[in-house]
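Step one of this worksheet: look at the structure below.
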Amino acid sequence: MAIITLTCNSKVSLFQPFSSNAASFGTSSSHSRVRSVAGASFNGRPEDRATRAVVRAQQRPTWLPGLDPPPYLDGTLAGDFGFDPLGLGEDPESLRWYVQAELVHARFAMAGVAGILFTDLLRVTGIRDLPVWYEAGAAKYEIANAQTLFIIQLILMGYAETKRYMDYVSPGSQGQEGSFFFGMEAALEGLEPG
């Protein structure tokens, strides 16, 4: 880590440096005889004291400034700010799975926002008489009851999640011919797992 020490004339108390090999820079050009020694009297006045402030620059941003990230979180992952206080990502295989799980969470969140905006657009323009998105779960629908919709969602999402997990375990397996129906596997060929 790079450590920079700044010295200026001030009546503020002294900050201790983090390292003894810090560089010192004078910030006042009018006091050419000012030395970067804390507590020294300048121009004969004891109220003019040098203050040493230390700035500690890290190699990359972390979730808590000044905290070193764990070695297995090296900043190569998207959104990696070194936050893993429980050490859940120490195992590389678990960390790989967490990355895939976070991608799925982000995709669900984006789909949810798109659904909210689309249904609100239909409601506000008067195209459809739909409830506000946060009251939609209590509404009765003509298509089917809540239990039927839940079962359909379990089947469809179960299928999609099973295929995603199979591709995670054996990368590229879902891009092979015959892994999907209607030739959908051609769209998955050459993509990353998940």
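None of the figures in this text is laboratory data; all of them are computed from the coordinates on show. These figures come from a predicted structure and were not determined experimentally. All Cβ positions, glycine included, derive from the backbone under ideal geometry; neighbour counts span all protein chains shown.
Round to the nearest 0.05 the FRET efficiency obtained for residue 118 and residue 157 when R0 = 30 Å and r is the Cβ-Cβ distance.
That gives a FRET efficiency of 0.95.
Classify region 64-139: rounded, prolate or oblate, from the alpha-carbon gyration tensor (a ≥ b ≥ c, eigenvalue square roots; a/c under 1.5 rounded; otherwise prolate if a/b is larger than b/c)? Judged from the Cα gyration tensor, region 64-139 comes out prolate (a/c at least 1.5, a/b above b/c). Looking at region 65-109, the GluC sites (Glu not before Pro) that sit in a DSSP loop and have at most 13 other Cβ atoms within 10 Å of their own Cβ are 90.
Report the net charge of residues surrounding residue 123, where surrounding means a beta-carbon distance below 14 angstrom and charges are Lys +1, Arg +1, Asp -1, Glu -1. Net local charge, residue 123 excluded: -2. Each label point was placed 7 Å from the Cα along the Cα-to-Cβ direction; for residue 93 and residue 133 their separation is 3.9 nm.
Of the chymotrypsin sites (Phe, Trp or Tyr not before Pro) found in region 58-160, the ones in coil according to DSSP and having at most 16 other Cβ atoms within 10 Å of their Cβ are 63, 72, 81, 83, 141.
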